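Structure first, commentary second.
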Amino acid sequence: MSPLSFRLARRELRGGLRGFGVFVACLALGVAAIAAAGSLEAGLRRALSEDARALLGGDVELRLSYRPPSTEESQFFKDFGTVSQSVEMRAMARTETGGQTLVEVKGVDAAYPLFGALVLAPVQDTAQALGPRDGQWGAAADANLLDRLGLHLGDSVRIGQASFTLRATITREPDRVATAFSFGPRLLIDSRALASTGLVQPGSLIRHGALIRFAPGVTVPAFKSALAARFPAAGWFVRDAGEAAPGVKRFLDSMTLFLTLVGLTALLVGGIGVANGVKAFLDGRTPAIATLKCLGASRRLILRVYFWQVALLAAVGIGIGLAVGAALPWLLVVLFGDKLPVAARLAVYPQPLALAAGFGALTALAFAVWPLARAGEVPAATLFRDIVVPRRAWPGAGALVVMGGAGAALAALAIVTATDRRLAAWFVGGSAVALLLFAGAGLALVALARYAHQRQAERGGHPSWRLALSSLHRPGAPTRGVVLSLGLGLTVLVAVALVQANLNRQFDDRIPQQAPTFFFIDIQPDQLDAFQAAVAGAGGSEVKAAAMVRGRITRLNDVPVEQAHIAPEAEWAVRGDRGLTTAASQPDDARIVAGQWWPADYNGPPLASIDAGIARGFGLHVGDSISVNVLGREITARIANLREIDWSSLSMNFTFMLTPNALAGAPHSYIATVHAPLGRESAVERAVTDALPSLSSIRVKEALEAVKAVVASAGMAIRAAAGVTLAAGALVLAGAIAAGQRRRIHEAVLLKVLGARRADLLRALLVEYGLLGAATGVVAAGLGSVAAWAVLVFVLKADWVFLPLPVAATVLGAIAAVTMVGVTGTLRALAAKAAPYLRHD
């Protein structure tokens, strides 16, 4: 037999669920966001796991700059299985009509690919597409390369001194997702054809790779151990299928964390709607609660009756959220599947759904306990008086403990399940501070409204203003809840708008004035004079050149990088090779923040100058050591100084600089920056690449446009996420309006009897909700501006300027949105006829 409390709860639910719509919607929205993020991530991770070898291209991949595997190394690889070797480099692709663009050239052998399939259009095998035919090698390219250069299949494209026939476009390259960021479209050729281009020179930045498909019985640990024992100083960068796409995995971690925190924010905001919904429901049940108490019902029975009701409805809201969240990834894949790094394996994944349900249940518990406890604690006589004069009451100590425990569990769950626990902890702390600030802002607005109302009454102010101000501070007014719920979303919007506006300002104004027009790479030492002459002859200026080699960081203070503790923001520096240069004297734009530059004639043990930010991430200081592997030779240098680098200048900056003797004898090439007069950019580029076809150029303007597009996309995504939070805030506002509808109707009827016109009441509503939106917008503008300043100055290391336009747009939008929702939701009260209510009373 079911307990009495459950039977009473079930009977009361038969009477309808009025007042609980917002309660259910708020829970469903937050749970759906968290469930969708977790389900999509699970599908993508499953794809990464199942296709790991195809994404990498083999069981293991080895990479090394400048030199291919030696004969001994190649034979060693073959002893473990099937081997496919490749080469990659950047080059300029030219057409017969004079068009040119930077491409990522990849040369492959007959064994490629070892896993997966290279899909070309029209369909053909690798040998047909890339092999020699009629005295000319073939090539396959990304479709956007043909679009850039206005080419069609069958046309020729020139790389260095060789000409290639475009025979296919690349539909799918199995190991493409595992490669690093690219500066241009892919051009796939036969590796044997690379020698005919004339681009292979000592010091040319060529990345050699070897993929191995293991023979039966061979394991990754056994191969790595044998490689380290046989070639301890070869300098190969090795990764296995478990590390097939580290960039994609980092993207998934960041995406999931971001979307989960967005969903959690929506739940926190929706928690206010939960509390309001429970309170509104219990306010409507006040006579029933008072009657039960008068008939002898205990506080515990009252709590159990309404706890069952809240729990059942919370389960409904969570269930709706889980259903929507589980289905949403299918819709996202249909709409944005081409933008995902891999094809997701969509299914119903229990773990992310259970996590989302846990967040929803804890939120419901944390925010519903207060109004439930109040109904149980207040005596019956006070409950009857509450019908006329609401009384504030604190819940008992037990309820406060439950609320605190649920809040702590919610925070712990958010931190423990996050991929970046430090960021999640900052989010939890920041959310708590933001909630307190907005709660304080709500209280301050109520106090200001009360004070202003008193002054208006003393001075005989306009009735509409007096009525609006009294509505903001009267008992049961939604003021504090609206400020709190809408404020978080508006703060995010202000911060994003200011960050993006400041970055766009730098992209459009500051950076182009000081940034070079071109970066030229792969300049051989014997080409430097010809390069400078070509630039000068075409009108270019401010040529700055520096020798560069590539090396991989291997040790930090004699600790292998695999074992060293490196901050997440500095991990990129130990993934693959890094550019190294040497300098005898301190560069003009170098700002030393620790240590001193070495003497110009220094000839002692190697010294290093490194970026101060990277040093912090590595945990290094002046006097510590860092080791790099260059062409199989490990160089250990003592850190002589740390530099603060202004990366926003886009000038030629190196994270790592060494004394000249450190790289003596190493083959190297030069990298150079060039400024070109407005309108002469193409002429300068053409003059250099005609004179020196082996050089590659990177247009800074195009790189900036790509970065701006990324920033714009990120801003759009964050705005969409903030929209989820604002949707939760709008639900809270709608719930507050619905909860106060009865009181609004009685007020409207009374005022109409006293002579107020509908236009007067409408004017009062416009003033009330306009003031509420303005106050919320102003507070959000202040906090959002502070957040944007902190992100720009401390995270992005960029300049900060307060830009009033995006802030004003957000504030005006808040005023318009709150006023529209508030007035629309209250129109029913204005339309109420006085006579029926007077006869009823």
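Remarks
- Equivalent ellipsoid semi-axes - Cα gyration tensor, region 63-118, angstrom: 30, 15, 8
- Rounded FRET efficiency, nearest 0.05, which uses the C-beta distance separating Ala709 from Ala143 and R0 of 25 Å: 0.85
- Within the shell of other residues whose beta carbon sits under 15 angstrom from the beta carbon of Arg638, the net charge comes to -2, with Lys and Arg scored +1 and Asp and Glu -1.
- Descending by average beta-carbon neighbour count within 10 Å, the peptides 562-571, 460-469 line up as 460-469, 562-571, the highest first.
- Cβ-derived FRET efficiency at R0 35 Å, Glu571 paired with Ile592, nearest 0.05: 0.85
- The accessible area of Val630, taken with all protein chains in place and a 1.4 Å probe, comes to roughly 10 Å².
- As computed over region 410-496, the Cα convex hull volume per residue (Å³): 105 Å³
- Three semi-axes of the equivalent ellipsoid, region 456-609, Cα gyration tensor, whole Å, largest first: 59, 26, 16
- Straightening the chain between Ala536 and Asp155 buys 133.8 nm, computed as 0.36 nm per residue apart minus the Cα-Cα spacing.
- Counting every pair of alpha carbons in region 543-583, the share spaced more than 13 Å apart comes to 60 percent.
- Ranked from largest to smallest solvent-accessible area, with a 1.4 Å probe on the protein heavy atoms, Trp308, Trp330 come out as Trp330, Trp308.
- Extension gain, Val334 to Val218, is 37.8 nm, computed as 0.36 nm per intervening residue step minus the present C-alpha separation.
- Simple spin-label estimate for Val433 and Arg474 gives 3.8 nm between the two label positions (7 Å along the Cα-to-Cβ direction from each Cα).
- Computed with a 1.4 Å probe over protein heavy atoms only, the accessible surface of region 425-532 comes to 45 Å² per residue.
- Between Leu805 and Asp624, the distance separating the two model label sites (each 7 Å from Cα on the Cα→Cβ line) works out to 4.4 nm.
- Within region 589-696, trypsin sites (Lys or Arg not before Pro) in DSSP loop having at most 10 other beta-carbon neighbours inside 10 Å: none
- Partner aspartates and glutamates whose Cα lies under 19 Å from the Cα of Lys279, excluding those fewer than 8 positions away in the same chain, are identified as Glu12, Glu377, Asp386.
- Per-pair calculated FRET efficiency, R0 = 60 Å: Leu448 and Asn603 via Cβ, rounded to 0.05: 0.25
The values are calculated or read from the model by the stated rules, or taken from the named source; none is laboratory data. None of these values were measured; they are calculated from a predicted model. As a convention, Cβ positions derive from the backbone with ideal geometry for all residues, glycine included, and neighbour counts pool all protein chains shown. Protein only, heavy atoms only, side chains kept; ligands, DNA and RNA dropped before computing areas. Shrake-Rupley method; radii C 1.70, N 1.55, O 1.52, S 1.80 Å.
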